[in-house]
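Written below as structure tokens is the structure these notes are about.
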Amino acid sequence: MRASALLKTMGLGTGWALLAAMSTGAQTVDSSLSFFITGSAVGQGANLGGLAGADAHCQKLADSVGAGAKTWRAYLSTQAVGNTPAVNARDRIGTGPWFNVNKVQIAANLTELHDTSNTTTVNSAKGLTHRGTTVASNRHDIMTGSRFNGMAPVAGADSTCSNWTSSTAGLPGRTIVGHHNRQGISSNMIPNSWNQAHVTSGCSQANVEAGGGSGFFYCFAVAGATGLNGQVPGGGPEEEATPYYLSAGRGGLRGEEVVLRFTLDRDTKVEVSAMDIRGRERAVLLRGMRGPGEHVVRWNGTDANGEALPAGMYRILLRRDGR
């Protein structure tokens, strides 16, 4: 059984207005810029100040070339800690498409970006910095803290350097890195992976440099409150400024559990259901009120009666307040 989910942006109305503001004195780039490699380290190894600090670094670099009007996010996952759930890098970066500074498309959507058989997405030719410079091959280790599918590491060993707050030298702290140039030098590496090639030997600046890196990470522009291509939502004051999102982890064989995550901006009556390719509702996975924040729903591929559904493609639909 495989599952698909549409990443929804709702409550933004039908009107769109072009954003004409530009940062004073900044080097300007084409408005299609929506992906780059940082090209400069925060300077403390994997201690980025958490996701917020990493996002701020992306935003700062984008602003320096006149692309700061968009919402920028670091492609980084975090692991679950106590009652705080994990965050998946793939859930932070919008739906695509994404383009580098030369207007070259990196990927059309999340599925293409995370297709492990596709080596035409992030690579040495496309993986440029915000200023259009190439990243040296001896600096190909790009921090992600993520698995091939863009999901957070499984619970257990620290693979995100205490969720991007640690610069401690040596193990057990470490982080997952990818190879932006899709090249490896050791048999225990997976050289064609841009987001999961191996782990570092610690979290310090020296550790992240030891394997051939500099503490760089990927930045993506999000289609959200300040959308792609310089567009922002327009309309009346009652329109909501915050969208909500639904994503699904890839399922495998029939019976394997699929993990669905969605984020709400307020208390909302929600319903999550599974539809077959003919549009028939086969199971209601959740129905009820939920508060703001991230929520998780698990589905083992059964219908409303608990019977296993046939292997195939299913659409996961999230309704909010009946919409």
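The values are calculated or read from the model by the stated rules, or taken from the named source; none is laboratory data. Keep in mind that what you see is a predicted model, and the values were worked out from it rather than measured. Methodologically, a virtual Cβ is constructed for each residue, glycine included, from the backbone with ideal geometry; neighbour enumeration extends over all protein chains shown.
Working only within the stretch 92-107, note down all residues that are surrounded by 14 or more Cβ atoms within 10 Å (Cβ to Cβ) and on the phi > 0 side of the Ramachandran plot.
GLY94, GLY96
Identify, from the list PRO153, PRO172, the residue that is surrounded by 19 or more Cβ atoms within 10 Å (Cβ to Cβ), assigned to a loop (DSSP other than H, G, I, E, B) and not basic (Lys, Arg).
From the options PRO153, PRO172, the qualifying one is PRO153.
Yes/no per residue for (1) buried (at least 23 other Cβ atoms within 10 Å of the Cβ); (2) assigned to a loop (DSSP other than H, G, I, E, B):
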{"position": "ASN138", "(1), (2)": "no, no"}
{"position": "GLY145", "(1), (2)": "yes, yes"}
{"position": "ASN149", "(1), (2)": "no, yes"}
{"position": "ASP158", "(1), (2)": "no, yes"}
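Could you say which residue among ALA62, ALA56, ALA52 is modelled with pLDDT of 90 or more, within 18 Å of THR263 (Cα to Cα) and assigned to a helix (DSSP H, G or I)?
ALA52
Regarding ARG278, is this residue among the basic types (Lys, Arg), at pLDDT below 85 and either under 22 Å from PRO85 (Cβ atoms) or within 27 Å of the chain's Cα centre (by Cα) (or both)?
no
Would you confirm, using the coordinates I've provided, whether GLY132 is at pLDDT below 95 and surrounded by fewer than 20 Cβ atoms within 10 Å (Cβ to Cβ)?
So GLY132 passes the test.
Looking at the stretch 295-310, which of its residues are in contact (Cβ under 8 Å) with a residue 60 or more places away in the chain and small (Gly, Ala, Ser)?
Scanning the stretch 295-310 gives a single hit, GLY301.
Within the stretch 40-49, restricting attention to residues that are modelled with pLDDT under 90 and surrounded by 20 or more Cβ atoms within 10 Å (Cβ to Cβ), which residue is nearest to LYS103 (Cα to Cα)?
Among those residues, the one meeting the criterion is ALA41.
Please indicate, with yes or no, whether at least one residue in the stretch 81-94 is among the hydroxyl-bearing types (Ser, Thr, Tyr), modelled with pLDDT of 95 or more and not in a helix (DSSP H, G or I).
no
Any residue that is at pLDDT 75 or above, in a strand (DSSP E or B), over 21 Å from the mean Cα position of the chain (by Cα) and not assigned by TED's automatic domain parsing to the domain that holds THR95 - is there at least one of those in the stretch 258-269?
Yes.
Residues that are over 15 Å from the mean Cα position of the chain (by Cα), at negative phi, outside any loop (DSSP other than H, G, I, E, B) and not polar (S, T, N, Q): does the stretch 108-124 have at least one?
No - not one qualifying residue is present in the stretch 108-124.
Which residue pairs have Cβ atoms closer than 6 Å, lie 6 or more positions apart in sequence or on different chains, and pair a first residue in the stretch 33-57 that is farther than 14 Å from SER166 by Cα with a second residue that is at pLDDT below 90?
Close Cβ pairs satisfying both conditions: LEU33/ALA67; SER34/LEU228; HIS57/VAL42.
Quickly run through the stretch 197-213 and pick out the residues that are buried (at least 21 other Cβ atoms within 10 Å of the Cβ) and either at pLDDT below 90 or part of a strand (DSSP E or B) (or both).
From the stretch 197-213, those buried (at least 21 other Cβ atoms within 10 Å of the Cβ) are 197, 200, 202-204, 207-208, 213; that's our starting set.
Of everything in the stretch 197-213, those that are buried (at least 21 other Cβ atoms within 10 Å of the Cβ) and either at pLDDT below 90 or part of a strand (DSSP E or B) (or both) turn out to be ALA197, GLY213.
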